[in-house]
Amino acid sequence: MPPAASRAAVPGGPEPDAAVIQRSLEEPTRFGEIFRRHAPALHRYAARRLGGPDADDVVAETFHIAFRKRHRYDPSRPDARPWLWRIAANLVRRHHRAETRHYRALARTGVDPVLESFADRAAERVDATSLSGSLASALARLSRGDRDALLLVAWGELTYEETALVLGIPVGTVRSRLHRARKRVRAALAATATPAKEDHR
């Protein structure tokens, strides 16, 4: 996903999200462009957190709510991602228990394809199966706030500033939550990596 700066309006580039949303007030079908731009990334994020079926529901409801409330959209914000992710984050919170069960199940049963790619970037030499389980277990133990901040940045690919907008908290709080969450996840991955290294001696 390109950085936030590259999603701003550029001469000759795509019409900014804000302009599309404003046009959709008179021509509702134009809102479909917002869905086409953002639904795939939003679905990937929700699926990583909840699994496929619940992700489908979250994405559908996110855009249903966004369409109904589009008249409230702040036209000074060209990029709709933080607005959409904030709606989705509130919906994901309703699935907090299901999300925790999802991670605990992954920790018990092995590799999840989505978690695996994240795990490989975190520690390339560790066995993927045990690492995915360790990562899932660590995510299950994070507080809701720390997990939201970590995964909005890591999987939602939002900046710290965008994450602060989504969660309605100061950027400094985002940084402190990320620091705490990353420290706990790194500790879990290190605990898994140490026995693996010893086995190859």
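Numerical summary
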quantity: Within region 120-201, helices (runs of 4 or more DSSP H) holding 1 or more residues that are at pLDDT below 80 and out of contact with any strand residue (DSSP E or B) (no Cβ under 9 Å at 6 or more places or on another chain); calculated: 128-141, 171-199
quantity: First in region 151-167 and in contact (Cβ under 8 Å) with a residue 12 or more places away in the chain and among the small types (Gly, Ala, Ser), second anywhere and buried (at least 18 other Cβ atoms within 10 Å of the Cβ) and outside any loop (DSSP other than H, G, I, E, B), Cβ under 7 Å, 6 or more apart; calculated: Ala154/Phe118; Gly156/Tyr45; Gly156/Trp85
quantity: Within region 31-51, tally of residues that are free of Cβ contacts under 8 Å to residues at least 40 places away in the same chain and closer than 17 Å to Asp74 by Cα; calculated: 1
quantity: Verdict on Asp56 being acidic (Asp, Glu) and free of Cβ contacts under 8 Å to residues at least 24 places away in the same chain; calculated: yes
quantity: Test result for Ala39, modelled with pLDDT under 90 and assigned to a helix (DSSP H, G or I); calculated: no
quantity: Yes/no for Ala8 being at pLDDT 95 or above and not aromatic (Phe, Trp, Tyr); calculated: no
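The values are calculated or read from the model by the stated rules, or taken from the named source; none is laboratory data. As the structure is a computational prediction, the values presented were derived from the model and not from experiment. Note that we place each Cβ from the backbone using ideal geometry, even for glycine, and neighbour counts take in every protein chain shown.
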